[in-house]
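**Student:** Have a look at the structure that comes next, please.
We did not get these values from a lab; they are worked out from the coordinates using the rules stated. As the structure is a prediction and not an experimental result, all values here were calculated from the model. Glycine also receives a Cβ, built like all others from the backbone with ideal geometry; neighbour counts cover every protein chain displayed.
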Amino acid sequence: MIPLASPLAQYRSHAVAIDDAIRRVLDSGQYILGHDVERFEGAFADFCGTVHAIGVNSGTDALALALRALDIGAGHEVITVSHTALATAAAIFETGATPVLVDVDPRNRTIDIAGIEAAVTPRSRAIVPVHIDGQAVEMDAVLAIAKRHGLKVIEDCAQAAGGRYQGRRLGALGDAGCFSFYPTKNLGAIGDGGMVVSSDPSLAGRVRRLRQYGWDERRRTNEAGFNSRLDALQAAILLAKLPRLDEANERRVAIARRYASGLAGLPLTLPAIRPGGEHVFHHYAVECDESQALFRYLAGRDIGAAACHRLPVHRHDGYATRVIVPPAGLPVTESLAARVLGLPIYPELNDADADRVVAAVRAFFTSGR
């Protein structure tokens with residue numbers, strides 16, 4: 001079986017460093033926050049090129065805490081996309097704000113810049129651009145709109161750890177960047193975890209307080225907070241893996257190039273790479289009219305594939321009545337939902353298995369089925 005992603009293979013490729021890190025934490029007796037979390041926060045801030053990094057329980061919590069730290073809540077609107085994981089909208093709901101969903105551009109599948117401008121109202125407070133699948137958003141344009149309208153920018157980097165735009169790491173471009181360390185992510189924990197990065201000391205300090213009940217250094221509060229702490233075991237595991245993140249992303253890019261070469265000429269739309277961006281291929285998502293049939297064909301040949309974001313946010317029953325959608329709808333998002341399919345991609349995928357995926361996809365289109 002060739003899985004879509006393989007946290008087990010990733011563990012095995014880092015097993016010595018991870019096992020040593022786990023033993024060190026277990027022997028330390030300090031399992032929540034503490035020295036190991038501080039070390040990882042410092043290393044991750046350096047990696048991203050920000051001054052601060054605050055470890056939290058998940059990528060969803062990272063977004064919610066960053067929004068809360070910027071005083072975004074009930075009565076406010078936050079502009080984002082429907083072509084994303086539900087976590088993006090769930091975090092906005094958690095603050096009491098309303099997600100305003102705009103379409104994505106068909107080539108890069110990231111937030112449509114004209115759609116942002118059209119979505120701004122007097123209630124708008126922030127933009128959450130999503131670096132979907134590892135593809136960088138056109139951040140210069142997003143930041144220009146935000147500056148013009150006095151909006152905050154919180155980057156959703158859950159699928160893009162290590163990516164860059166115009167030479168800068170994703171997460172360091174807006175007011176805050178939010179990361180998920182879910183096990184399948186480019187930098188994955190063995191459990192859950194998240195991070196908020198920022199160079200704004202006020203925002204970072206408030207996130208740090210909010211993640212633990214609102215406590216200050218004397219364990220006193222001026223506002224209610226949450227329990228969203230990154231535990232020491234996950235921090236130590238992530239710190240052990242961080243030095244090889246760029247190498248792992250380079251391998252993802254190499255697999256993506258292999259796919260692009262092998263799948264050329266088929267009735268597929270392959271992922272684009274934005275000029276000025278460095279795609280880190282959390283997903284290798286292709287588009288085709290027969291995506292469901294291709295999914296079944298690959299499954300029958302023990303190849304894992306996934307319908308990436310097949311049900312966009314505004315089509316979920318629990319979310320549909322709580323979001324704002326433009327009068328013209330979200331036609332590109334709807335099209336992607338019906339057509340996108342993710343192929344296996346992870347650093348430990350070898351060339352022979354990548355070629356097997358290519359051969360199976362080619363056979364689907366040439367066999368007559």
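**Student:** Let me have the 222 nm mean residue ellipticity of the chain computed from DSSP H runs of 4+ only, each contributing -39500 (n - 2.57), with the sum over all residues rounded to the nearest 500.
**Tutor:** After summing the helix terms and dividing by residue count, I get -12500 deg cm²/dmol.
**Student:** How big is the shadow of the Cα convex hull of the chain, averaged over all directions, in nm²?
**Tutor:** Dividing the Cα hull surface by four gives the mean projection, 18.3 nm².
**Student:** Also: DSSP beta bridges in the stretch 41-167, what fraction antiparallel, as a percent rounded to 5?
**Tutor:** For the stretch 41-167, the DSSP antiparallel bridge percentage is about 10.
**Student:** Assuming R0 = 22 Å, can you tell me the calculated FRET efficiency for the pair LEU86 and ARG257, based on Cβ-Cβ distance, to the nearest 0.05?
**Tutor:** Step by step, r from the Cβ atoms, then E = 0.10.
**Student:** Shifting gears a bit: Listing SER367, SER199, SER82, SER58 from the residue with the fewest other Cβ atoms within 10 Å to the one with the most, what is the order?
**Tutor:** Taking fewest neighbouring Cβ atoms as first place, the list is SER367, SER199, SER58, SER82.
**Student:** Continuing with this model, one more query. Test of understanding: ordering HIS52, HIS83 by Cβ neighbours within 10 Å, fewest first, what list do you get?
**Tutor:** Placing the least packed residue first, the sequence is HIS52, HIS83.
**Student:** I'd like the antiparallel share, as a percent to the nearest 5, of DSSP beta bridges with both residues in the chain.
**Tutor:** 60
**Student:** Would you grab the residues whose amide H sits under 5 Å from the one on HIS282? Only those 5+ places off in sequence or on another chain, please, with H modelled 1.01 Å from N.
**Tutor:** The answer is GLY134.
**Student:** Assuming R0 = 45 Å, what is the FRET efficiency of ALA224 and ALA328, from their Cβ-Cβ distance, to the nearest 0.05?
**Tutor:** 0.65
**Student:** Setting aside same-chain residues fewer than 8 positions from LYS241, which aspartates and glutamates have a Cα under 17 Å from its Cα?
**Tutor:** Excluding near neighbours in sequence, the set is ASP19, ASP20, ASP36, GLU38, GLU41, ASP46, ASP192, ASP231, GLU250, GLU348.
**Student:** Another question, then. For the stretch 153-238, which GluC sites (Glu not before Pro) pass both filters: DSSP loop (anything but H, G, I, E, B) and at most 11 other C-beta atoms within 10 Å?
**Tutor:** Qualifying residues, ordered by number: GLU217, GLU223.
**Student:** Which aspartates and glutamates does LYS152 reach when only Cα atoms under 13 Å apart count, and residues fewer than 8 places away in its own chain are ignored?
**Tutor:** Candidates past the 8-residue exclusion: ASP71, GLU77, ASP175, ASP200.
**Student:** Just check the stretch 283-369 against the gyration tensor rule for me: Cα atoms, a ≥ b ≥ c as the square roots of the eigenvalues, rounded for a/c under 1.5, and otherwise prolate or oblate depending on whether a/b exceeds b/c.
**Tutor:** Prolate.
**Student:** Return the Rg/Rh ratio of the stretch 185-343 with Cα-based radii and a Kirkwood Rh.
**Tutor:** My calculation of the ratio gives 1.06.
**Student:** Determine the gain in length on full extension of the stretch ASP19-SER202; use 0.36 nm per residue of separation and subtract their C-alpha separation, reporting nm with one decimal.
**Tutor:** Going from the current span to full extension adds 62.2 nm.
**Student:** A follow-up question, please. Which shape class, rounded, prolate or oblate, goes with the stretch 49-113 when its Cα gyration tensor gives a ≥ b ≥ c as root eigenvalues, a/c under 1.5 marks rounded, and past that a/b bigger than b/c marks prolate?
**Tutor:** In terms of gyration-tensor shape, oblate.
**Student:** Can I ask one more? Fewest first, what order do PHE40, PHE226 take by the number of other Cβ atoms within 10 Å?
**Tutor:** Listing PHE40, PHE226 from fewest to most nearby Cβ atoms yields PHE226, PHE40.
**Student:** Among VAL280, GLY318, LEU294, pick out the residue whose Cα is farthest towards the positive end of the charge dipole of the stretch 244-366, where Lys and Arg carry +1 and Asp and Glu carry -1 on C-beta, about the Cα centre.
**Tutor:** Projecting each Cα onto the dipole axis, the largest value belongs to GLY318.
**Student:** Give the separation of the Cα centroids, the stretch 12-62 to the stretch 289-306, in Å.
**Tutor:** Value for the Cα centre distance between the two parts: 37 Å.
**Student:** If you build a Gaussian network model of the chain, linking Cα atoms that sit under 10 Å apart, which residue out of ALA224, ALA15, ALA172 swings the most?
**Tutor:** ALA224
**Student:** Assign unit charges at the C-beta atoms only (+1 for Lys and Arg, -1 for Asp and Glu), then state the dipole size of the stretch 99-216 relative to its Cα centre in Debye, rounded to the nearest 20.
**Tutor:** Charge dipole, the stretch 99-216, about its Cα centre: 360 debye, nearest 20.
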